[in-house]
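Below you'll find the structure, written out as structure tokens, and then a few comments.
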Amino acid sequence: MRQLLPREEYVEQAYLFKALAERSSEGEPVQSLLKFLRQEILATTKLPMAIDYLLAELNHVGAMSTAMRGLSHYFTAFQSFIIGAAENVRGRFDIQTALKVLEHEASFRADNDSAAALFFYQFETLCRNRLEYDHGLVAMSHDPFYDETWQRWIANIQHKIGIIDIADLVYVHSYYYVIRQSKESPADTESPDPVLFDEKEGRIALANRTKEPLFFFSALQRQLNYPEVPRPKRRDENEDIIPKLLRTVQQLETRLKLLEDEQRGKGIDLSQFFEKPGSADRP
């Protein structure tokens with residue numbers, strides 16, 4: 001039986017993830033941010049107690065995903081998986097993108113009850129960020145947002161992804177597939193088990209067979225207003241131009257001064273580049 005959190009919990013979670021993403025970009029430690037944010041979070045929710053546990057585990061272990069897994073009754077397995085992927089030093093999934101993903105997901109949970117929409121959002125997150133499908137789908141299958149039918153289906157497609165396109169899987173488990181089969185061969189029509197997607201989702205899936213999966217997700221977002229997955233922010237190369245120019249100008253000034261000294265017959269005083277005795281020990 002599904003045990004979902006009250007709406008106010010998801011609203012506060014979304015605020016927490018959003019604030020962490022915005023303020024951590026300034027270089028402040030997560031522990032300090034959590035201490036301040038605990039005071040801002042609505043005290044009538046359970047999130048302040050969860051933050052206390054996160055702080056204790058961060059100070060002890062140094063990883064937030066470990067603490068989130070310890071709070072499996074509050075944070076979902078998918079939320080823990082996303083933070084764990086961002087904390088993996090070998091991966092390319094950064095913590096800013098992970099927090100944005102969780103912020104949008106928590107906002108969705110607060111005001112929607114569509115299991116199909118959440119499935120597409122979570123699955124696109126795996127695709128777009130090239131996360132591990134096996135672990136990601138296992139985490140999704142344990143999400144209490146899905147009922148038992150959804151959870152079994154997600155667990156079963158774990159071994160089909162990569163062999164069968166996601167659009168094909170959606171199409172054959174849609175109501176649109178049932179309609180088409182009943183028209184083509186009414187006597188032999190058998191409903192797929194289970195039928196999870198509506199007619200519109202089945203139509204879009206059929207139209208995107210053999211195509212790039214991201215095109216499929218984009219069509220769902222345009223046609224059905226499904227939530228979009230945050231994309232990593234591209235670094236603006238222009239931000240580094242001014243510091244580079246300043247360093248170049250300083251180097252040119254130094255070279256010009258050396259050339260002027262040499263032309264005046266003074267020679268190049270190399271002693272200015274030597275480290276004075278005892279200077280390395282100074283604070």
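The values are calculated or read from the model by the stated rules, or taken from the named source; none is laboratory data. Remember, predicted model here, so these are calculated numbers, not experimental data. In this analysis, Cβ positions are derived from the backbone assuming ideal geometry, glycine residues included, and neighbour counts consider all displayed protein chains. The area values use the complete protein model at the heavy-atom level, side chains included, leaving out ligands, DNA and RNA. Shrake-Rupley method; radii C 1.70, N 1.55, O 1.52, S 1.80 Å.
A few notes on this one:
- When each of Glu28, Glu9, Glu22 is tested for being of a type in the set (Asp, Glu), assigned to a helix (DSSP H, G or I) and either under 16 Å from Ala98 (Cβ atoms) or at pLDDT below 95 (or both), the lone residue that passes is Glu22.
- Residue check for Tyr121: of a type outside the set (A, V, I, L, M), closer than 24 Å to Glu22 by Cα and crowded, with 21+ Cβ neighbours inside 10 Å: yes
- Condition broken by Asp113, with the remaining ones in (1) in contact (Cβ under 8 Å) with a residue 12 or more places away in the chain; (2) assigned to a loop (DSSP other than H, G, I, E, B); (3) charged (D, E, K, R); (4) open to solvent by 40 Å² or more (accessible area, probe 1.4 Å) satisfied: (1)
- Of all residues in the range 128-164, those satisfying the criterion of being open to solvent by less than 70 Å² (accessible area, probe 1.4 Å) and in a loop (DSSP other than H, G, I, E, B) are Asn129, Leu131, Asp143, Pro144, Phe145, Tyr146, Asp147.
- Breaking point among (1) open to solvent by 10 Å² or more (accessible area, probe 1.4 Å); (2) touching a helix residue (DSSP H, G or I) at 6+ places or on another chain (Cβ under 7 Å), for Leu34: (1)
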